[in-house]
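The values are calculated or read from the model by the stated rules, or taken from the named source; none is laboratory data. Here the structure is a predicted model, which is why all the values come from computation and not from measurement. Heads up, the Cβs are rebuilt from the backbone with ideal geometry, glycines too, and the neighbour counts pull from every protein chain shown.
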Amino acid sequence: MSVTPAPLRLRTPAFLVDQLVVLVAVCLPVVLSGVSFSALLTPGDTRTIVFLLLMAAAFLYHFLFEWQTGETIGKRLFGLTVVSDDGTALGFRGSFLRNALRLIDGLGYWSVAVAVILYRGDGKRIGDVVGRTIVVRR
């Protein structure tokens, strides 16, 4: 089965929604627990811990939602889903690999992912290539 990749013009706002979901899910409880907003922005232990929490939360959010449903909140809002290269439902392995490589794809404020997607021309970032996945329109 041939699959057509979703365009970046849809993937980008979906990604930004997902980033907002993760940011709120991590930072709101941290601030409500008494950590000052300035401590989140000032270099130091607090900012480092919150950054690591954000990275872990982003991985778990994308991995679990995509593995279970093929979609995150952002993808759902923009009519996108992640599938295996052959168009079948995304499995554990594909979702895990795709999302583990977010650390590389996300370098340079996601310029690595965008550059790879544009260079390859098939809608795949590094995580998609390794995980044998693709983002498509629902």
Within region 82-133, residues in contact with a strand residue (DSSP E or B) (Cβ under 7 Å, 6 or more places away or on another chain), crowded, with 18+ Cβ neighbours inside 10 Å and closer than 16 Å to residue 8 by Cα come out as 82, 123, 124, 128, 133
Taking residue 74 as meeting all but one of (1) over 14 Å from the mean Cα position of the chain (by Cα); (2) at pLDDT 95 or above, write down the number of the exception.
(1)
Only one of 129, 136, 116, 112 is on the phi < 0 side of the Ramachandran plot, not charged (D, E, K, R) and not in a helix (DSSP H, G or I), namely 136
Criterion violated by residue 79 - all others in (1) touching a residue at least 12 places away in the same chain (Cβ under 8 Å); (2) surrounded by fewer than 14 Cβ atoms within 10 Å (Cβ to Cβ); (3) out of contact with any Lys or Arg (no Cβ under 6 Å at 6 or more places or on another chain); (4) under 22 Å from residue 137 (Cβ atoms) satisfied
(3)
Residues of region 5-63 being within 30 Å of residue 88 (Cα to Cα), assigned to a helix (DSSP H, G or I), more than 12 Å from the chain's Cα centre (by Cα) and touching a residue at least 12 places away in the same chain (Cβ under 8 Å), which ones?
8, 10
Going through region 74-105 in order, the residues found to be more than 10 Å from residue 133 (Cβ to Cβ) and of a type in the set (A, V, I, L, M) are 77, 80, 89, 100, 101, 103, 104
Could you grab me the full set of residues in region 64-76 that are assigned to a helix (DSSP H, G or I), surrounded by 13 or more Cβ atoms within 10 Å (Cβ to Cβ) and either of a type outside the set (Ser, Thr, Tyr) or touching a helix residue (DSSP H, G or I) at 6+ places or on another chain (Cβ under 6 Å) (or both)?
64, 65, 66, 67, 73, 74, 75, 76
State which residue is surrounded by the most Cβ atoms within 10 Å (Cβ to Cβ) when the search covers only region 1-15 and only residues that are in contact with a helix residue (DSSP H, G or I) (Cβ under 7 Å, 6 or more places away or on another chain) and either of a type outside the set (Gly, Ala, Ser) or at pLDDT below 95 (or both).
15
